[in-house]
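J.: Can you keep this structure in mind? I'll have questions shortly.
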Amino acid sequence: MRIRKGMIVRVIKGNHKGSEGKILFVFPKDNKAIVEGVNFIKRAVRPTQGNPSGGYTEKEAPIHLSNLMLVQKGQTTRIGFKVLDDGSKVRIGKKTGEEIEL
């Protein structure tokens, strides 16, 4: 899994193409992620004691990981791996060659 919670990503395909946001949740089993402020859906809510009128609420829906790309220094970049001299493996941005924080 190359994309992780907390990363800033850009949507590269679909109805929300060009939108950017922070990843809130990742679902590795489904290869999907929820991005903050992107792909809103409306859900009906039943009346409860806390919300006696019920109605509709909006929330973010998951997006497939193939439609997301990491944003690093304002550019989208692919994610690669690099083995350091001490034998540890780090993730790098392919365009910039810099290590990815997180």
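J.: Among the residues of segment 5-18, count how many are within 20 Å of Lys73 (Cβ to Cβ) and surrounded by fewer than 16 Cβ atoms within 10 Å (Cβ to Cβ).
T.: Selection size over segment 5-18: 4.
J.: Filter segment 1-24 for residues that are of a type in the set (A, V, I, L, M, F, W, C) and either in a loop (DSSP other than H, G, I, E, B) or more than 21 Å from Ile41 (Cβ to Cβ) (or both) and give the result.
T.: Result: Met1, Ile3, Met7, Ile8, Ile12.
J.: Please go through (1) in contact with a Leu (Cβ under 9 Å, 6 or more places away or on another chain); (2) within 21 Å of Glu98 (Cβ to Cβ); (3) at pLDDT 90 or above for Val35 and return the number of the only condition it doesn't satisfy.
T.: In the conditions (1) in contact with a Leu (Cβ under 9 Å, 6 or more places away or on another chain); (2) within 21 Å of Glu98 (Cβ to Cβ); (3) at pLDDT 90 or above, Val35 misses (2) alone.
J.: Looking only at residues in segment 73-102 that are under 15 Å from the mean Cα position of the chain (by Cα) and at pLDDT 90 or above, which one is surrounded by the fewest Cβ atoms within 10 Å (Cβ to Cβ)?
T.: Within segment 73-102, the match that is surrounded by the fewest Cβ atoms within 10 Å (Cβ to Cβ) is Arg78.
The values are calculated or read from the model by the stated rules, or taken from the named source; none is laboratory data. All values derive from a computational prediction rather than experimental measurement. Reconstructed Cβ throughout: ideal geometry from the backbone, glycine too, with neighbour counts over all protein chains shown.
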